[in-house]
Amino acid sequence: MKLKTLAALALASVLSLMGAAEAATIVLGSGSDSAFYVLESPNIGTRTYEIRFTHNEADPLDGWDLLQVVDSYESDLSVQAFNFGSEEAPNWFVNAITWMGITETSNSDEPYVPSWTQWVSGGEAGWPSASPIASGTWTSGSGLSSPFRVIEPGSWEALKFSDFTTVPTVTPVPEPSALMLAFCGMAFFIRRRR
C-alpha cells in the first residue's frame with residue numbers, strides 16, 4: 001500500500017513540475033520538430049521559447065531564423081544586429097536588444113563587457129565552417145547564420161547579456177522530457193521490486 005501511495009505522490013509531483021516547466025516556455029510555430037531559444041538579461045529576465053518547425057535537411061534553419069520567429073511574436077522586443085558576413089553568406093551578431101522600451105547595448109570598448117553573447121547546444125556551429133555541437137551543455141557560438149550555425153531538432157540557442165564566460169541559467173535540455181524519463185525510471189523500479 002505504501003508503494004502505491006509513494007508512486008501516486010511521485011506521479012503528482014512530476015506532473016506538477018512538468019506543468020510549471022511548460023508554463024515557463026513560450027511555444028511558437030507548428031511542425032513535428034522543435035528547437036529552443038533563450039533570451040536572458042537584467043532587463044528581460046529569462047525567457048525561453050520552444051519553436052516548432054518541420055526540419056528540412058536541404059534547407060535547415062539557423063539561429064537568425066529562430067530569432068526572427070521570436071522577434072515577430074514579441075511586440076515589446078526589437079533587435080539590432082550587424083552582418084559580419086556577406087549578403088550571400090550573412091553572419092549576424094546581435095548588438096542591442098530593446099525590451100519594453102529599455103535597450104541593452106553591447107559595449108563597443110574593451111573589455112567589451114557586458115555584451116550580447118551567443119550560446120549554442122546541439123545542431124552545428126563553428127568558424128570557418130559548422131561542425132556538430134554536443135547537446136546538454138552550452139558552447140559559445142560564432143554567429144547566428146548558416147553556415148556558422150545550423151539548427152537541428154532539439155537544438156538550443158541563447159543570447160545572454162553579460163560577460164563572455166557566463167552561460168545562460170537555463171539548462172539546454174527540455175525539462176518535461178527529463179522529468180518524464182525520471183518518472184519512467186522510478187515506475188520501472190517500483191514494478192521491478194514487486
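The values are calculated or read from the model by the stated rules, or taken from the named source; none is laboratory data. It should be emphasised that the depicted structure is a prediction, and the values quoted were computed from it without experimental measurement. Ideal geometry is used to build each Cβ from the backbone, glycine not excepted, and the neighbour counts take in all protein chains shown. Side chains are part of the model used for accessible areas, which takes the heavy atoms of the whole protein and leaves out ligands, DNA and RNA. Shrake-Rupley method; radii C 1.70, N 1.55, O 1.52, S 1.80 Å.
Miscellaneous remarks
- Residues of the range 56-80 classified as buried (at least 18 other Cβ atoms within 10 Å of the Cβ) and assigned to a strand (DSSP E or B), total: 1
- Criterion (assigned to a strand (DSSP E or B) and touching a helix residue (DSSP H, G or I) at 6+ places or on another chain (Cβ under 7 Å)) met by exactly one of 98, 48: 48
- Pairs, first in contact (Cβ under 8 Å) with a residue 60 or more places away in the chain and polar (S, T, N, Q) in the range 106-120, second open to solvent by 20 Å² or more (accessible area, probe 1.4 Å) and part of a strand (DSSP E or B), C-beta under 6 Å, six or more apart: none
- Test: residue in the range 113-122 that is part of a loop (DSSP other than H, G, I, E, B), modelled with pLDDT of 95 or more and open to solvent by 20 Å² or more (accessible area, probe 1.4 Å): yes
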